[in-house]
Amino acid sequence: MSQQNHEVASPDGQIRATVIGGTLKGLTLAPGAYRGYGDAELGNQLVQVARLVWVARERSRKQAMRAVVGDPRAEVAERTPKSSAERRLRERRDSERVEVSSRHMKIGIIGGTKWAIHIEPGTVKKLSEEAFLTELVQLVKQAMGAWRSTMSRLRRECFGPSEILRTLKFSR
């Protein structure tokens, strides 16, 4: 099965992200765009890009599911929780929050889908575009790692190790 590629752009069209196989692979700004932003506006545009990346990842996941069932037009619905543990996990996931910060910015994620990006005042004037993007990419990686760790902890707390093994055994 081939990987799905998606390009997403910020609402103002100045920031582009490439999603390959459901994973963010690139983030670029149009020439001169970085210096044209204020710190708050850049943060707002990046939040919109994060939302669009999530939509692209979901689209990629659903296309993969359609390929598995062999029907490119098949309806792929969100899986309904079948046990109290699954319902508890979903409820806890939706209210869980992770936050990471660096010297010039802070990223918060709530429920895996709601992002907040705060860029410290003066950052755009202080940092070069290259330094900003390097710091941003590192912070996004940190945020995603923190989110994955949080989800692993929630799965252990909601299912317990024996329940996870039992689920794997019966799903084969």
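The table below gives the values:
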{"read-out": "V137 versus D71: modelled label distance in nm, points set 7 Å from Cα along the beta carbon direction", "value": "4.2"}
{"read-out": "MRE, 222 nm, helices only [DSSP H, n ≥ 4, -39500 (n - 2.57), over the chain, to nearest 500]", "value": "-18500 deg cm²/dmol"}
{"read-out": "Relative contact order (%) - criterion: Cα under 8 Å, at least six apart; region: the chain", "value": "19"}
{"read-out": "Convex hull per residue volume in Å³, alpha carbons only, for the range 80-172", "value": "111"}
{"read-out": "Three-way shape label, the chain, alpha-carbon gyration tensor, a/c 1.5", "value": "oblate"}
{"read-out": "Relative contact order of the range 91-138, defined on C-alpha pairs under 8 angstrom at six or more residues apart (%)", "value": "26"}
{"read-out": "The range 1-78 - Kirkwood radius from inverse mean 1/r over Cα pairs (Å)", "value": "13.6"}
{"read-out": "Straight-distance crosslink candidates among lysines, where the alpha carbon sits under 18 Å from K114 and sequence neighbours closer than 8 are dropped", "value": "K106, K141"}
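No lab work stands behind these numbers, since they all come straight from the coordinates. Since the structure is predicted, the reported quantities are computational estimates derived from the model, not experimental observations. Cβ sites come from the backbone with ideal geometry, for glycine too, and all protein chains shown count toward neighbours.
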